[in-house]
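Peer 1: Take this structure first; my questions come after.
None of the figures in this text is laboratory data; all of them are computed from the coordinates on show. Worth saying up front: this structure is predicted, and the values here are computed from it rather than measured. We place every Cβ from the backbone using ideal geometry, glycine too, and count neighbours over all the protein chains shown.
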Amino acid sequence: MKEANFSNHAKKRIGERCSLSQKEIKRILDNDGTVVIHLQKGGRYAHRLLYSIADEDWFMVVQDGGDGGVLTVMPLEYLKGRTPVTAAHKRLARNRARKLENKTGKIPESAPQISQQVATVKNLVVKDIPPFPGWRISVHYISDGRAQIKKLASRTPEDFGGPDDWQEPGMIHHWIKCQLIASAIPLTAIKAFFASKGKITEKMDSLLENLPLTEAEINMFR
């Protein structure tokens, strides 16, 4: 999904409904800090569950998968059960928010000297950071009669696990679905998925077999 940007309506609702700033919400959205709960209108609009550490509460973000535009941000009670959110969804969203907070931290914009010190430290310890916690997913498909390979825009979130965890339908398949929509790859053209990490590469038939697609969504890809 493209980087988040905000409609005037969303900007107004953010100020009214939660303590997070637009910048903070954008950081969470652009760094896989939410959980995709539902796709609507042909799979273009995603309902993304976001946890606000400042508010100690969950919010639903409606985002356009085509241009990344955020349409609105709302508390869960506004949904009135129309979009089911489970306790597992909430735990996952909260864990992602906390991991992102621990990973990036917050540096006061008024203290550039601190930013410079942090940058220096990162340069010193970069060799000790484990390489790429997530998996890179590549899609092999046919376009105009020619074989094509496309890597999805981002690596899988760390808490989705790995290939051994993807044999049954789960959140990884919802994530893959959103990535395919954003990449505009025709579903009927897909021949295989491969997952790679470091020197390991595995063919992942289960990613295609377990995609949560309706008949209408399948027709959209054709």
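Peer 1: Could you work out the relative contact order of region 136-221? I mean the mean sequence separation of Cα pairs under 8 Å and 6+ apart, divided by the number of residues, in percent.
Peer 2: 34
Peer 1: First measure r as the distance between the Cβ atoms of residue 146 and residue 208, then evaluate 1/(1 + (r/R0)^6) with R0 = 25 Å and state the FRET efficiency to the nearest 0.05.
Peer 2: Working: r = 20 Å, r/R0 = 0.80.
Rounded to the nearest 0.05, the efficiency is 0.80.
Peer 1: May I pose another question? Shape call for region 136-221 from the C-alpha gyration tensor, a ≥ b ≥ c root eigenvalues: rounded (a/c under 1.5), prolate (a/b greater than b/c) or oblate?
Peer 2: The shape class here is oblate.
Peer 1: Is there a pair in 26/191; 26/103; 11/80; 2/150; 2/23; 90/150 whose C-alpha atoms are over 24 Å apart, and which pairs would that be?
Peer 2: Values: 26/191 34 Å; 26/103 16 Å; 11/80 22 Å; 2/150 16 Å; 2/23 15 Å; 90/150 32 Å.
In this structure, 26/191; 90/150 lie more than 24 Å apart at Cα.
Peer 1: Here's another thing I want to ask about it. Would you calculate the separation in nanometres between label points at residue 16 and residue 167, each defined as 7 Å from the Cα along the Cα-to-beta-carbon direction?
Peer 2: The two pseudo-label positions are separated by 5.0 nm.
Peer 1: What percent does the relative contact order of region 5-105 come to when contacts are Cα pairs within less than 8 Å and at least six residues apart? Can you show the working numbers first?
Peer 2: Working: 157 pairs, mean separation 29.8, N = 101.
Relative CO of region 5-105 lands at 30 percent.
Peer 1: Another question, then. Please list, ordered by chain and number, the residues whose modelled amide H lies under 5 Å from the amide H of residue 45; skip anything fewer than 5 residues away on the same chain.
Peer 2: Result for residue 45 returns 40, 65.
Peer 1: Pull out a ≥ b ≥ c, the square roots of the eigenvalues of the alpha-carbon gyration tensor of region 5-105, then state rounded if a/c is under 1.5, prolate if not and a/b is larger than b/c, and oblate in the remaining case.
Peer 2: In terms of gyration-tensor shape, rounded.
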